[in-house]
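Undergrad: Starting off with a structure, shown below.
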Amino acid sequence: MKNIILKGILGLSVMMGLNSCKKYDSPLTKVTPSNLDSIASNYYEQYLKLYPLEATSQGDLRYNDQLPITIDKDFISGEVAFYHSVQKQLENVDYKSLSDENKVVYDVLDYTLKDKIEAYAYHPEYIPFTQFGGLPLTFPLYGSGQGSQPFKTEKDYNDWLKRMEKFPDWMNAATENFREGISNKIVLPKKLVIKMIPQMRAEEITSADPGKNIFYGPVKNFPKDFTKEQKKRLSASYKEIITKKIIPSYTKMGDFLEKEYLPKARDTDGYNSLPNGKEIYRYYVKSWTTTNQSPEEINKTGQQQVAMLRAEMEKVKQQVGFSGTLEEFISFVKTDPKAMPYTTSKEVLGAFNGILAKITPKLKTMFSVTPKTKFEIRQTEKFREASASAEYIQGTPDGKRPGIFYVPLPDPSKFNITSGMESLFLHEAIPGHHYQVSLQQENTRLPKFMRFGWFGAYGEGWAHYCETLGPEFGLYTDPYQKMGYLSDQMLRAVRLVIDTGLHTGTMKREEAIKYFLSNISYDEAGATAEVERYMAMPGQALGYKIGSLRIRELREKYQKELGKNFSLAKFHDEVLSLGCLPLDVLSRKMELWAKKQK
């Protein structure tokens with residue numbers, strides 16, 4: 001959903017780093033932060049200069065014309081030097097004298113800096129993008145006119161022209177990095193590269209036809225107040241850069257991946273087969289879970305969770321009177337008419353609104369602090385419905401745009417509640433992502449790097465934990481809705497087994513797909529896409545279940561310790577009070593909270 005992230009000037013180390021930025025000028029400036037507040041504020045101000053696309057995504061328009069080559073080694077050396085300089089500034093802060101809240105701010109910034117510095121020790125730039133993520137996949141969304149890049153004024157249009165102008169430089173740097181990865185034997189699996197080649201050649205980004213190419217979106221939808229002269233000039237400029245810069249960049253990358261990279265890609269599936277792969281994977285596990293749990297410990301947890309959830313699914317199977325095996329039941333519910341009770345979009349949206357109405361009275365007993373940001377349930381727009389998943393898009397911090405829970409319904413009669421409905425709402429909408437993200441954005445006491453920060457183990461962990469609140473909300477009484485909840489829980493449990501299995505070499509891709517299908521009601525194409533996601537993004541899928549289990553563990557611990565003094569509403573309020581946190585920071589924060597409850 002999002003990405004996160006005293007005295008004296010930035011320091012000698014950062015200046016050395018900046019002087020090394022030979023190819024591309026560094027955007028960083030000299031400043032003199034004097035205390036924790038100013039260190040945190042300056043850190044994020046500089047960070048947005050380094051990553052201006054993130055600024056754009058947050059509605060900060062100051063850098064909308066900039067596209068630094070963040071994967072270039074000179075840029076990276078300056079970036080790392082900057083992080084070291086902020087660490088030096090933090091060393092001059094008297095931690096013991098800080099308030100409990102500021103100790104959390106310090107801990108999060110300290111964790112963030114250490115994590116970012118350690119990441120570069122393992123050369124992530126050798127794999128600049130995959131079939132699941134990276135600038136070549138997100139750039140068309142910005143340029144479509146439907147994303148966060150604004151197209152309201154002539155300046156907006158000119159800003160995007162400048163960004164498109166720089167895109168070939170990024171793609172050339174990516175090619176250089178892929179080649180360096182080949183030299184160092186850090187390459188992607190062939191099975192993933194094969195998926196990337198058609199992405200680079202997709203008609204939506206390589207067609208010369210303005211009616212088909214997504215980058216022509218802004219010039220097909222000019223603001224009404226633009227003059228004919230403006231439209232004519234901008235249309236010509238966009239055509240020039242799309243045909244001479246954008247299309248050739250994608251075409252060239254597709255050819256490179258097919259002819260040069262694919263033959264050098266690996267036949268193995270996991271990071272264990274790479275040089276230093278065991279250490280690299282352990283870093284990713286630590287980074288994505290924000291804990292020190294080992295891959296082996298996580299794998300064991302996953303197997304325990306899968307066994308527990310299979311036992312619960314057996315109960316549902318018996319409840320509905322199905323006589324076959326659990327695997328047969330998991331497959332059966334995909335086509336059972338009872339699991340698909342709706343015929344129109346209106347009925348499905350009405351059912352989601354019904355869930356909201358049902359849980360609303362109970363919300364008041366579980367939360368004392370709730371978001372000011374409004375909330376809506378909408379059907380996903382037709383132009384993107386076919387390939388979209390249900391999702392939550394956060395509202396704006398100023399409250400002008402509500403948080404929106406989008407549901408794609410290309411065929412309402414095939415909407416299957418055993419793929420998760422009640423649990424989906426608790427996760428994506430209320431009290432999951434809507435409460436967590438809105439309260440974080442609305443909290444102006446937080447420094448911006450925390451207001452707009454994101455740790456998946458916390459953010460997705462919280463949303464996954466919210467699914468477990470279903471029985472307390474009076475949900476999951478229907479066996480098919482219960483099966484949907486168990487399937488959502490199982491998906492995250494299976495990830496613990498497969499991700500760690502793939503990257504420690506104890507499970508191969510084909511075994512992983514088979515294991516996935518034996519526990520989750522997906523078709524083979526869906527299961528394959530999931531497994532290949534774990535291959536491309538090692539460790540990322542672990543955060544959901546690890547975060548959820550940690551929050552549940554803290555709740556049960558303090559319910560037992562505090563007894564009559566435990567308030568579930570106060571517990572939830574405290575978990576959410578300072579936004580996304582590394583899980584170990586959250587644990588320390590909740591321990592301080594518990595001491596005050598006695």
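The values are calculated or read from the model by the stated rules, or taken from the named source; none is laboratory data. Not measured: the values here are computed from a predicted model. Glycine also receives a Cβ, built like all others from the backbone with ideal geometry; neighbour counts cover every protein chain displayed. Heads up: the accessible areas ignore ligands, DNA and RNA and are worked out on the full protein's heavy atoms, side chains in. Shrake-Rupley method; radii C 1.70, N 1.55, O 1.52, S 1.80 Å.
Undergrad: What pairs come up if the first residue lies in the stretch 309-321 and is more than 18 Å from residue 493 (Cα to Cα), the second is open to solvent by 50 Å² or more (accessible area, probe 1.4 Å) and not aliphatic (A, V, I, L, M), and their beta carbons are under 6 Å apart, counting only those six or more places apart or on different chains?
TA: Every condition considered, the pairs that remain are 316/482.
Undergrad: Considering each of 205, 242 in turn, give the residue that is over 29 Å from residue 272 (Cα atoms), over 25 Å from the mean Cα position of the chain (by Cα), surrounded by 17 or more Cβ atoms within 10 Å (Cβ to Cβ) and β-branched (Val, Ile, Thr). Don't jump to the end; show me each part of the working.
TA: Details: 205 fails: over 25 Å from the mean Cα position of the chain (by Cα).
Exactly one residue qualifies, and that residue is 242.
Undergrad: Does any residue in the stretch 284-300 that is more than 21 Å from residue 515 (Cβ to Cβ) come within less than 7 Å, Cβ to Cβ, of a residue that is open to solvent by 90 Å² or more (accessible area, probe 1.4 Å) six or more places away or on a different chain, and which pairs are these?
TA: Sorted first by the residue in the stretch 284-300, then by its partner, the pairs are 286/292.
Undergrad: Please state which one of 113, 192, 188 is open to solvent by less than 20 Å² (accessible area, probe 1.4 Å) and within 30 Å of residue 578 (Cβ to Cβ). Even if it seems obvious, please write down each step before you answer.
TA: Details: 192 fails: within 30 Å of residue 578 (Cβ to Cβ); 188 fails: within 30 Å of residue 578 (Cβ to Cβ).
It is 113.
Undergrad: Mind checking which pairs have a first residue in the stretch 165-176 that is on the phi < 0 side of the Ramachandran plot and a second that is open to solvent by less than 20 Å² (accessible area, probe 1.4 Å) and polar (S, T, N, Q), Cβ under 9 Å, 6 or more apart or different chains?
TA: Pairs found: 167/249; 168/249; 170/249; 171/249; 172/249.
Undergrad: Then there's this: Report the residue count in the stretch 55-66 for those that are surrounded by 20 or more Cβ atoms within 10 Å (Cβ to Cβ), in a loop (DSSP other than H, G, I, E, B) and not polar (S, T, N, Q). Don't jump to the end; show me each part of the working.
TA: First pass over the stretch 55-66, keeping only residues surrounded by 20 or more Cβ atoms within 10 Å (Cβ to Cβ): 55-56, 63-64.
In the following step, the residues that additionally are in a loop (DSSP other than H, G, I, E, B) were identified as 63-64.
Next, from what is left, pick out any that are not polar (S, T, N, Q): 63.
The total comes to 1.
Undergrad: Taking the options 262, 257, 274, 309, name whichever one is open to solvent by less than 80 Å² (accessible area, probe 1.4 Å), at pLDDT 95 or above, over 26 Å from the mean Cα position of the chain (by Cα) and not small (Gly, Ala, Ser). Spell out how you get there, then give the answer.
TA: On the way: 257 fails: over 26 Å from the mean Cα position of the chain (by Cα); 274 fails: over 26 Å from the mean Cα position of the chain (by Cα); 309 fails: over 26 Å from the mean Cα position of the chain (by Cα).
Of the residues listed, the single one that is open to solvent by less than 80 Å² (accessible area, probe 1.4 Å), at pLDDT 95 or above, over 26 Å from the mean Cα position of the chain (by Cα) and not small (Gly, Ala, Ser) is 262.
Undergrad: Which of (1) surrounded by 18 or more Cβ atoms within 10 Å (Cβ to Cβ); (2) modelled with pLDDT of 95 or more is the odd one out, the single condition residue 368 does not satisfy?
TA: (1)
Undergrad: If I filter the stretch 394-415 down to residues being of a type in the set (Val, Ile, Thr) and modelled with pLDDT of 90 or more, which single residue comes out as nearest to the chain's Cα centre (by Cα)?
TA: First, the residues of the stretch 394-415 that are of a type in the set (Val, Ile, Thr): 396, 404, 407.
Subsequent filtering for residues that are modelled with pLDDT of 90 or more retains 404, 407.
Working: 404: 17, 407: 18 Å.
Only one residue tops the list, namely 404.
Undergrad: I need every pair where a residue in the stretch 42-64 that is closer than 17 Å to residue 454 by Cα and among the hydroxyl-bearing types (Ser, Thr, Tyr) has its Cβ under 8 Å from the Cβ of a residue that is open to solvent by 50 Å² or more (accessible area, probe 1.4 Å) and not in a loop (DSSP other than H, G, I, E, B), sequence separation at least 6 or different chains.
TA: Listed pairs, sorted by first residue: 44/448.
Undergrad: Given the condition closer than 19 Å to residue 404 by Cβ, in contact with a helix residue (DSSP H, G or I) (Cβ under 8 Å, 6 or more places away or on another chain) and of a type outside the set (Val, Ile, Thr), answer yes or no: does some residue in the stretch 445-453 qualify?
TA: First pass over the stretch 445-453, keeping only residues closer than 19 Å to residue 404 by Cβ: 452.
In the following step, the residues that additionally are in contact with a helix residue (DSSP H, G or I) (Cβ under 8 Å, 6 or more places away or on another chain) were identified as 452.
So of that shortlist, the ones also of a type outside the set (Val, Ile, Thr) come out as 452.
Looking for residues that are closer than 19 Å to residue 404 by Cβ, in contact with a helix residue (DSSP H, G or I) (Cβ under 8 Å, 6 or more places away or on another chain) and of a type outside the set (Val, Ile, Thr), one finds at least one in the stretch 445-453, hence yes.
Undergrad: Which fully enclosed helices (runs of 4 or more DSSP H) of the stretch 486-576 have 3 or more residues being surrounded by fewer than 16 Cβ atoms within 10 Å (Cβ to Cβ)? Spell out the reasoning first.
TA: Numbers: elements: 509-519, 524-536, 543-562, 568-576.
Passing ranges, in order: 509-519, 524-536, 543-562.
Undergrad: Let me ask something additional. Looking at (1) at pLDDT below 95; (2) among the aromatic types (Phe, Trp, Tyr); (3) part of a helix (DSSP H, G or I), which is the only condition residue 120 fails?
TA: For residue 120, the failing item is (1).
Undergrad: What pairs come out if I take residues in the stretch 75-93 that are closer than 13 Å to residue 113 by Cα and open to solvent by 10 Å² or more (accessible area, probe 1.4 Å) and pair them with residues that are not in a helix (DSSP H, G or I) and not charged (D, E, K, R) whose C-beta lies under 7 Å away, six or more apart or interchain?
TA: Every condition considered, the pairs that remain are 88/11.
Undergrad: Related question: If you scan the stretch 313-344, which residues turn out to be open to solvent by 50 Å² or more (accessible area, probe 1.4 Å), assigned to a helix (DSSP H, G or I) and not polar (S, T, N, Q)?
TA: Within the stretch 313-344, 314, 315, 327, 328, 332, 337, 338 qualify.
Undergrad: Another question, if that's okay. Exactly one condition in (1) over 29 Å from the mean Cα position of the chain (by Cα); (2) open to solvent by 90 Å² or more (accessible area, probe 1.4 Å); (3) more than 30 Å from residue 143 (Cβ to Cβ) is not met by residue 229; state its number.
TA: Among (1) over 29 Å from the mean Cα position of the chain (by Cα); (2) open to solvent by 90 Å² or more (accessible area, probe 1.4 Å); (3) more than 30 Å from residue 143 (Cβ to Cβ), residue 229 violates only (3).
Undergrad: Restricting to the stretch 463-480, and then to whatever is part of a helix (DSSP H, G or I) and open to solvent by 20 Å² or more (accessible area, probe 1.4 Å), can you tell me which residue is nearest to residue 417 (Cα to Cα)? Give the derivation first.
TA: Going through the stretch 463-480, the residues part of a helix (DSSP H, G or I) turn out to be 463-467, 470-473, 479-480.
Within this subset, residues satisfying the condition of being open to solvent by 20 Å² or more (accessible area, probe 1.4 Å) are 471-472, 479-480.
Values: 471: 17, 472: 20, 479: 10, 480: 7 Å.
Step by step, filter the stretch 463-480, then rank; the result is 480.
Undergrad: Separate question: Kindly provide the set of residues from the stretch 138-161 that are open to solvent by less than 50 Å² (accessible area, probe 1.4 Å) and within 28 Å of residue 189 (Cα to Cα), ordered by number.
TA: Once the filter is applied, which keeps residues that are open to solvent by less than 50 Å² (accessible area, probe 1.4 Å) and within 28 Å of residue 189 (Cα to Cα), the stretch 138-161 yields 139, 140.
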